[in-house]
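Just passing along the structure, written as structure tokens.
Every read-out reported here was derived from the displayed coordinates using simple, explicitly stated rules and does not represent laboratory data. As the structure is a computational prediction, the values presented were derived from the model and not from experiment. Don't worry about glycine lacking a Cβ; one is built from the backbone with ideal geometry, like all the others, and counts go over all protein chains shown.
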Amino acid sequence: MPYAGAVDDFRAIRALKSPRRVPCVALSEEFDVRWHGRWCYEEVCQDGDKIFEVLKASAESFDYDWVWVQIDDCYEFEPIGVGVKGEGNILRATCGYLPMGREELEKLPQLDPRRDGRMPEKLKALRKLRDHFGETALVVGSCAAPFSAVGLMWGIENSMLLMKDDPRLLRDAMDYWDAFYRRYIEAQRDAGAHAIWFGDCNAFSGLVSAPQYEAHILEATRGLVRYAEETLGVMIWMHNSETRAPHVVSHLPLGVSFENIGPAGDMPKILEAVRGRQAITGNLDPLDVLYRGTPRLIEAEVERLMTIGKANGGWVFNTGEMNPREVPEENMRAMMKAAKGRAKY
């Protein structure tokens with residue numbers, strides 16, 4: 001069960017102050033649905049009541065300090081006509097992109113997150129989770145960052161080429177998503193979200209260099225982050241699955257509350273690079289450690305990360321990427337038990 005005052009500890013870490021304990025979370029939704037066992041993922045992702053039931057039960061059973069309503073990447077893309085595919089326990093993903101061009105951009109609808117597609121079901125889940133947990137668990141909604149949204153709309157390759165071929169069109173397309181995400185983040189805040197999981201994996205260092213990020217992506221992203229953080233009072237929790245310290249440093253001007261680090265990231269090096277400037281989260285390996293490992297290996301890795309994170313400060317325990325749905329239950333419980341056992345300062 002999440003602990004009383006968990007949200008205060010997240011806020012203290014965000015402000016680079018000392019919490020009473022390190023909050024412990026996991027990117028666990030696929031696992032949680034399988035563990036819960038009542039419905040498949042495709043059923044859960046369409047129904048706010050089912051999302052609530054699964055995430056409430058898993059947070060209480062596994063002692064997560066958040067409820068992570070990320071679900072899938074398609075909520076805002078389905079209503080504009082992007083093709084998606086998902087079935088059974090396979091998450092929905094974009095698979096049919098829209099034609100790219102200025103004329104096509106100008107035809108896009110002004111989405112209403114309180115009305116269109118599955119977004120109202122997501123808002124329902126957030127509302128019920130906040131009503132249930134109050135301030136004892138961080139309620140986390142989600143959206144893509146503007147650059148990744150362009151890739152999910154027009155295809156990753158096209159979004160990359162636009163940086164060279166038509167940067168003005170790229171910026172205008174990001175502005176379209178910026179305007180929508182201001183409405184979407186506000187709707188999620190009004191439904192009860194304390195924070196937003198802010199996905200920008202298309203801007204990962206394996207795809208985009210730090211100079212490209214600063215030249216083409218930073219400003220559009222910074223405007224949205226500042227609106228969310230300063231105007232709406234929502235914590236932005238960025239995830240690029242980033243692993244390289246220079247790229248994490250290049251994100252500092254955004255002003256996000258947290259950045260989650262990918263599994264291959266050198267956590268001591270990254271924490272040292274951003275010390276006193278931004279909170280970091282992560283980055284237990286969900287494959288080689290959590291899925292394939294033993295409880296003893298998991299406990300050792302948790303101890304290593306806790307020792308590093310607590311010494312440097314400004315850190316939340318998390319996995320580095322989505323946990324596989326087939327993680328053994330004993331491994332998930334071993335991770336959370338070990339983390340919670342070492343969380344107090």
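For the stretch 152-173 and the stretch 95-140, compute the distance between their C-alpha centroids and round to whole Å.
Using only Cα atoms to place each centre, the spacing works out to 22 Å.
Is there a quick way to get the dipole size of the stretch 99-162? I mean about its Cα centre, with the Cβ of Lys and Arg at +1 and of Asp and Glu at -1; what is the value in debye to the nearest 20? The partial results should precede the final answer.
Numbers: 10 positive and 9 negative charges, 76 e Å.
Using only the charged Cβ atoms, the result is roughly 360 debye.
Now for a separate question. Give me the angle, in degrees from 0 to 90, between the Cα long axis of helix 48-62 and the longest principal axis of the Cα atoms of the chain, rounded to the nearest 10.
Approximately 30 degrees, to the nearest 10.
So what is the diffusion coefficient of the stretch 222-289 in µm² per second by Stokes-Einstein at 4 °C and 1.567 mPa s, using a Kirkwood Rh over Cα pairs? Present the calculation step by step, with values, prior to reporting the outcome.
Working: Rh = 12.4 Å.
Reported coefficient: 105 µm²/s.
With the chain treated as a Gaussian network of Cα nodes joined by springs under 10 Å, which of VAL316, VAL84, VAL25 yields the largest mean-square fluctuation?
VAL84
Nearest 10 degrees, 0 to 90: what angle lies between the long axis of helix 167-191 and the longest principal axis of the chain (Cα atoms)?
For helix 167-191, the angle is close to 50 degrees.
Mind putting a number on the dipole of the stretch 55-133 about its Cα centre? Charges go on the C-beta only, +1 for Lys and Arg and -1 for Asp and Glu, and I need it in Debye to the nearest 20.
On the way: 13 positive and 15 negative charges, 56 e Å.
With only Lys, Arg, Asp and Glu charged at Cβ, the dipole is about 280 debye.
Starting from the Cα gyration tensor of the stretch 28-104, multiply each eigenvalue by 5, take the square root, and state the resulting semi-axes largest first in whole Å. Don't skip to the answer; put the middle values down first.
Values: eigenvalues 172, 32, 17 Å².
That gives 29, 13, 9 Å for the three semi-axes.
For the stretch 7-71, what is the Kirkwood estimate of the hydrodynamic radius, computed as the reciprocal of the mean inverse distance between distinct Cα atoms, to one decimal in Å? Show your work: numbers first, answer last.
Details: mean 1/r = 0.0779 Å⁻¹.
Averaging 1/r across every pair of different Cα atoms and inverting gives 12.8 Å.
When we measure straight from the Cα of LYS310, which aspartates and glutamates land under 18 angstrom away, once same-chain ones fewer than 8 places off are left out?
By straight Cα distance, LYS310 reaches ASP8, ASP9, ASP65, GLU259, ASP266, GLU272, GLU299, GLU301.
How long are the semi-axes of the equivalent ellipsoid of the stretch 81-188, taking √(5λ) for every eigenvalue λ of the Cα gyration tensor, in whole Å from largest down?
29, 16, 13
While we're looking at this one, here's another question. Taking a 24 Å limit on the Cα-Cα distance, which of the listed pairs LYS85/LYS128; LYS50/LYS85; LYS17/LYS344; LYS17/LYS122; LYS124/LYS344 fall beyond it? Don't skip to the answer; put the middle values down first.
Numbers: LYS85/LYS128 27 Å; LYS50/LYS85 20 Å; LYS17/LYS344 14 Å; LYS17/LYS122 32 Å; LYS124/LYS344 33 Å.
Violating the 24 Å Cα-Cα cut-off are LYS85/LYS128; LYS17/LYS122; LYS124/LYS344.
Here's another thing I want to ask about it. How big is D, in µm² s⁻¹, for the stretch 166-262 by Stokes-Einstein at 25 °C and 0.890 mPa s if Rh is the Kirkwood radius over C-alpha pairs? It would help to have the intermediate numbers written out before the result.
Working: Rh = 13.7 Å.
Rounded, D is 179 µm²/s.
What do you get for Rg/Rh over the chain if you use C-alpha atoms and the Kirkwood form of Rh?
Details: Rg = 19.0 Å, Rh = 20.1 Å.
That ratio is 0.94, to two decimals.
Here is a follow-up. Alpha carbon centre of the stretch 1-28 versus the stretch 207-239: separation in Å?
Each part reduced to its Cα centre gives a spacing of 23 Å.
Could you compute Rg(Cα) / (2.2 N^0.38 Å) for the stretch 183-226, with N its residue count?
Numbers: Rg = 13.1 Å, N = 44, 2.2 N^0.38 = 9.3 Å.
In units of the 2.2 N^0.38 Å rule of thumb, it is 1.41.
Going toward the positive end of the dipole of the chain, with +1 on Lys and Arg Cβ and -1 on Asp and Glu Cβ, which of SER142, ALA210, MET267 do you reach last?
The Cα lying farthest towards the positive end belongs to MET267.
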